[in-house]
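Take a look at the structure set out below.
The values are calculated or read from the model by the stated rules, or taken from the named source; none is laboratory data. Remember, predicted model here, so these are calculated numbers, not experimental data. Neighbour counts run over all protein chains shown; Cβ positions are idealised from the backbone, glycine included.
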Amino acid sequence: MRIELLTVTDCPNSAVIEERLAEVLAERDGVQVTRTVIDTVAEAERYGMHGSPTLLLDGRDPFAAPGTQASVSCRLYRGEDGQAQGAPSIAELRRAVADAAETECCPVPAAVSVGRAGRGRVAPVEGGLRAVHQAVLRSFATTGVAPDPAVVEQAAAPYGVSFAHVLAQLVAGDFLTLDADGQIEAAYPFSATPTGCRSNCPAG
């Protein structure tokens, strides 16, 4: 799992979220946190910061409502008790980290990941590409079919981009393919239609 903490310079709530996150991650091995200081709205848009502090789990902000705009302002989190605070509670952080860990896709076999002109199958974090890509992979892994458009729209929304825009980029990057009707046909190593290929077959 990739965890990124985005803050503005001298954010008063940086120490609060750091302390709470440290307690949550003490229960897990091998998880590293990347910290980035954001100074401009342009950088906030690039990294996906919706106010300071923002926590990204595998490139996704689990606390941002769909359509939330990028911002360098102080961020308030509404707790389960309805009170606003400067960082998610320990319970909320623990739940978000656990959900992210559970939905991480299984590693792609080496024979698959080195295929397709040698490119790996992990989409970039920027612009919501990885969040949407993982939503598609999770759907194939759990249901055997591509996700409903509403599901991937929700995955793209925190980044302020449309699913159609992200979809076009994922297709251009050869992370997935579409059928003649523009529907998701395959997201390596999964396919919505029978290919005659078994578990050891490379995608594509």
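From the list Gly30, Gly51, Gly67, the lone residue that is out of contact with any Gly (no Cβ under 8 Å at 6 or more places or on another chain) and loosely packed, with under 15 Cβ neighbours inside 10 Å is Gly30. Residues in the range 76-86: is at least one surrounded by 18 or more Cβ atoms within 10 Å (Cβ to Cβ) and aliphatic (A, V, I, L, M)? Taking every residue of the range 76-86 in turn, none turns out to be surrounded by 18 or more Cβ atoms within 10 Å (Cβ to Cβ) and aliphatic (A, V, I, L, M). Residue count for the range 55-76, restricted to those that are more than 18 Å from Val132 (Cβ to Cβ) and small (Gly, Ala, Ser): 2. Checked against (1) more than 15 Å from Glu4 (Cα to Cα); (2) at pLDDT below 90, Ser89 passes all but a single condition, namely (2). Summed over the range 138-160, residues that are among the hydrophobic types (A, V, I, L, M, F, W, C), in contact with a helix residue (DSSP H, G or I) (Cβ under 9 Å, 6 or more places away or on another chain) and surrounded by 21 or more Cβ atoms within 10 Å (Cβ to Cβ) total 4.
The set of residues in the range 26-54 being more than 21 Å from Arg130 (Cα to Cα), assigned to a strand (DSSP E or B) and of a type in the set (Ser, Thr, Tyr) consists of Ser52 alone. Filtering the range 32-51 to residues that are touching a Leu at 6+ places or on another chain (Cβ under 7 Å) and in contact (Cβ under 8 Å) with a residue 40 or more places away in the chain leaves Tyr47, Gly48, Met49.
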